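A.B. asks: Take this structure, written in structure tokens, and hold onto it; I'll ask about it next.
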Amino acid sequence: MPDNPFVTPEQVMGAAQQSAQGHRKGTTSAFFLNAEWALRRQLITDHDQRQAAACERMLRLQMVDIVRSNGVGDLFAWRDEDIAKICREEMTARSDEVVQAFDDDNRAALAAGEVCGFTGEDLLPGSQDFGASAAETADHTHRNDPLLLEHLERQRGVRKGTFGAFCANYRLARQQADPSYSAAADMMRELMPHIRQLGYFQWWRCCDDWAEALVAEP
């Protein structure tokens, strides 16, 4: 390994690759879409109530994957107590589970007419490597959910593996004498514009002061 290594999104997940170490592409974005529906959305109609409940169920199912794949508790801490509480509950009950996607279960439930939360398939369907709006993915029938459509628009142009690369570089930078001036930290900076698009740092803060300062850089 080089003395001052860094990792790119392409190294985290290659072209047409669906998952890495059990973590399916698009799952972290789907998790935060579920969180927004379950914890932040103003619920007006009966459908809204059912959609929020379904999204909380899926968010809870995805929590083991999100914690393990993104270094929650090591690299990142929750900004808000409501989602931190759900995290503690799920990891206490299910910390021995393997990382898995829930696309097949969701597909079957949707076919049966059930109201469901969102999975990676909703955000990065099929062989898609980059985020795209619903209009740009004509080969996929997206669910007619306004918040999903907002998130699809938000992630346009962001390559899968981008946040995985950010996490990998965060870990590598920690190993350097001056983390914030390492090649890994430079790659973190290069990735930040796309990560800001995704909005993950509305929910997480970095556990290291130098990394939190990097995220806050203009």
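A.B. asks: For residues that are in a loop (DSSP other than H, G, I, E, B) and either among the basic types (Lys, Arg) or open to solvent by 10 Å² or more (accessible area, probe 1.4 Å) (or both), tally how many sit in region 64-91.
C.D. replies: 4
A.B. asks: Filter region 117-135 for residues that are crowded, with 18+ Cβ neighbours inside 10 Å and under 9 Å from Gln155 (Cβ atoms) and give the result.
C.D. replies: Correct list: Leu123, Leu124, Gly131, Ala132.
A.B. asks: Working carefully through the options Arg171, Arg107, find the one that is under 22 Å from Gly14 (Cα atoms) and open to solvent by 50 Å² or more (accessible area, probe 1.4 Å).
C.D. replies: Arg171
A.B. asks: Looking only at residues that are touching a residue at least 40 places away in the same chain (Cβ under 8 Å) and over 16 Å from the mean Cα position of the chain (by Cα) in region 75-89, which one is farthest from Ala38 (Cα to Cα)?
C.D. replies: For region 75-89, the residue satisfying everything is Asp80.
A.B. asks: Output the residues belonging to region 202-218 that are among the acidic types (Asp, Glu) and without any contact (Cβ under 8 Å) to a residue 24 or more places away in the chain.
C.D. replies: The answer is Asp209, Glu212.
A.B. asks: Which of the residues spanning region 202-213 are more than 25 Å from Leu124 (Cβ to Cβ) and open to solvent by 10 Å² or more (accessible area, probe 1.4 Å)?
C.D. replies: Arg205, Cys207, Asp208, Asp209, Trp210, Glu212, Ala213
A.B. asks: Looking at Leu61, is it assigned to a helix (DSSP H, G or I) and at pLDDT 95 or above?
C.D. replies: Considered against the rule, which asks whether it is assigned to a helix (DSSP H, G or I) and at pLDDT 95 or above, Leu61 comes out as yes.
A.B. asks: Can you tell me which condition Leu148 does not meet? The list is (1) aliphatic (A, V, I, L, M); (2) surrounded by 18 or more Cβ atoms within 10 Å (Cβ to Cβ); (3) touching a Ser or Thr at 6+ places or on another chain (Cβ under 9 Å); (4) in a helix (DSSP H, G or I), and all the others hold.
C.D. replies: For Leu148, the exception is condition (3).
A.B. asks: Would you please name the residue that is nearest to Ala132 (Cα to Cα), looking only at residues in region 177-201 that are open to solvent by 50 Å² or more (accessible area, probe 1.4 Å) and in contact (Cβ under 8 Å) with a residue 40 or more places away in the chain?
C.D. replies: If we filter region 177-201 for residues that are open to solvent by 50 Å² or more (accessible area, probe 1.4 Å), which is where we start, we get 177-178, 181, 186, 189-190, 193-194, 196-197.
From what is left, the residues that are in contact (Cβ under 8 Å) with a residue 40 or more places away in the chain are 186, 197.
Values: Asp186: 26, Gln197: 12 Å.
For region 177-201, the residue satisfying everything is Gln197.
The values are calculated or read from the model by the stated rules, or taken from the named source; none is laboratory data. As the structure is a prediction and not an experimental result, all values here were calculated from the model. When we count neighbours, we look across all protein chains shown, and the Cβ atoms used for this are built from the backbone with ideal geometry, even at glycine. The accessibility values were calculated without ligands, DNA or RNA, using every heavy atom of the protein model including side chains. Shrake-Rupley method; radii C 1.70, N 1.55, O 1.52, S 1.80 Å.
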